[in-house]
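Visitor: Attaching a single structure in structure tokens format; questions to follow.
The values are calculated or read from the model by the stated rules, or taken from the named source; none is laboratory data. Nothing here was measured: the structure is a model prediction, and the numbers come from that model. Cβ coordinates were reconstructed from backbone atoms using ideal geometry, including for glycine residues, and neighbour counts include every protein chain displayed.
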Amino acid sequence: MSQSFLQCTDIHKGDLEALFHQAAALKHERPRGHAPYLEGQTWALIFHKPSTRTRVSFEVGLHELGGHPLYLEQSQTQMGRGETVADTAKVLSRYVRGIIIRTFDHALVEELAREGSVPVVNGLTDLFHPCQVYADAFTLSERWGIEDERASSLQGRKLAFIGDTASNMANSWILGGAHFGMEIALSGPEAFRPKPEIEARLKTAGLPLNYTFTTDPAEAARDADVIYTDVWVSMGDEAEREARLKAFRPYQVDERLMALAKPDAYFMHCLPAHEGEEVTTAVYRGPQSIVLDEAENRLHMQKAILLYLVDDR
């Protein structure tokens, strides 16, 4: 079984600086043309959920690295007609160099990686979205770090996650924040606090309990270096839309909440955003917002992750 990237702790802590430097180098080199590091390689992109940034960034990234993306919707594979995940993993491993998957059940992704013999990249599950967190962390390192210490610039920083703190993005920031040495302050309704599984995964990874939870968004936002939010109604939650909008209304990120953070704090969102719901237009389009930079950096960081996974270490 090859090394895969299923959650934020799957990249060795000692490799973070090199990974961030690789992403920076790829970003710097991009205007000069393609770098064929993955020449001749085909990677399968299995998508059970629709996407803009995930699909485009991975397809463009593979193309720019000299590889070939093979896009597979669920309806286009036998897995959509009842073939086992194990058989799919074993067969695809004989065809492709790696698998990128965006789906619902995280257990499916773990089984795909366990049963196959090529790297598997988690493009998103209901539990985790590690590629987004790494792109976000790289985006912050561009502002806080110096050239020789990018990843280490995250240590000791406070990120406040406001809203659905049981979401895949909140889960990923809990795990990723601990891995990067950050403090994560979460605030949302009591019914949407982090699940016990996340604390268990921290313990399994040997990481400290780095997060706090409060129902008071002002408490979480106070003196934060970053204010982060996500949509209140994710894919699969549409039937709960009205109840969710009512529950999360006190957790909208507005100018008053941003004012509680540090004066130079950044606003971040994994996108797509619903202006007027989880964030006001004044914040989303304001000078502290770096949402487009983090979206762009999905491309550069994911290219670095692909190279990390195929490196014979």
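Visitor: From the residues in segment 53-83 that are at pLDDT 95 or above and of a type in the set (S, T, N, Q), which one is surrounded by the most Cβ atoms within 10 Å (Cβ to Cβ)?
Guide: 57
Visitor: While we're looking at this one, here's another question. Failed condition for residue 110, given (1) assigned to a loop (DSSP other than H, G, I, E, B); (2) closer than 30 Å to residue 155 by Cβ, with all others met?
Guide: Looking at each condition in turn, residue 110 falls short on (1).
Visitor: Being of a type outside the set (A, V, I, L, M) and under 26 Å from the mean Cα position of the chain (by Cα) is the filter; apply it to segment 77-99 and report the residue that is nearest to residue 38 (Cα to Cα).
Guide: It comes out as 97.
Visitor: Separate question: Tell me which of these residue 172 doesn't satisfy, since it passes every other one: (1) hydroxyl-bearing (Ser, Thr, Tyr); (2) assigned to a helix (DSSP H, G or I); (3) more than 26 Å from residue 275 (Cβ to Cβ).
Guide: It fails just one condition, (3).
Visitor: Does residue 162 satisfy the criteria of being at pLDDT 95 or above and either farther than 25 Å from residue 31 by Cα or not charged (D, E, K, R) (or both)?
Guide: yes
Visitor: Can you spot a residue in segment 17-34 that is of a type in the set (A, V, I, L, M, F, W, C), in the same structural domain as residue 92 (by TED's automatic domain parsing), crowded, with 18+ Cβ neighbours inside 10 Å and in contact with a Pro (Cβ under 6 Å, 6 or more places away or on another chain)?
Guide: Scanning segment 17-34 turns up no residue that is of a type in the set (A, V, I, L, M, F, W, C), in the same structural domain as residue 92 (by TED's automatic domain parsing), crowded, with 18+ Cβ neighbours inside 10 Å and in contact with a Pro (Cβ under 6 Å, 6 or more places away or on another chain).
Visitor: Within segment 256-313, take every residue that is outside any helix (DSSP H, G or I) and aromatic (Phe, Trp, Tyr) and give me the one that is surrounded by the most Cβ atoms within 10 Å (Cβ to Cβ).
Guide: Only one residue tops the list, namely 266.
Visitor: Now for a separate question. Is there any pair with a first residue in segment 37-66 that is assigned by TED's automatic domain parsing to the domain that holds residue 24 and outside any strand (DSSP E or B) and a second that is crowded, with 22+ Cβ neighbours inside 10 Å and hydroxyl-bearing (Ser, Thr, Tyr) whose Cβ atoms are under 7 Å apart and which are 6 or more apart or on different chains, and what are they?
Guide: From segment 37-66, no pairs qualify.
Visitor: Suppose the filter is under 23 Å from the mean Cα position of the chain (by Cα), farther than 28 Å from residue 141 by Cβ, at pLDDT 95 or above and small (Gly, Ala, Ser); does residue 178 pass it?
Guide: Spelling it out, it is not the case that residue 178 is under 23 Å from the mean Cα position of the chain (by Cα), farther than 28 Å from residue 141 by Cβ, at pLDDT 95 or above and small (Gly, Ala, Ser).
Visitor: For the list (1) under 30 Å from residue 149 (Cα atoms); (2) surrounded by 19 or more Cβ atoms within 10 Å (Cβ to Cβ), I need the number of the one condition that residue 99 fails.
Guide: Status for residue 99: all satisfied but (1).
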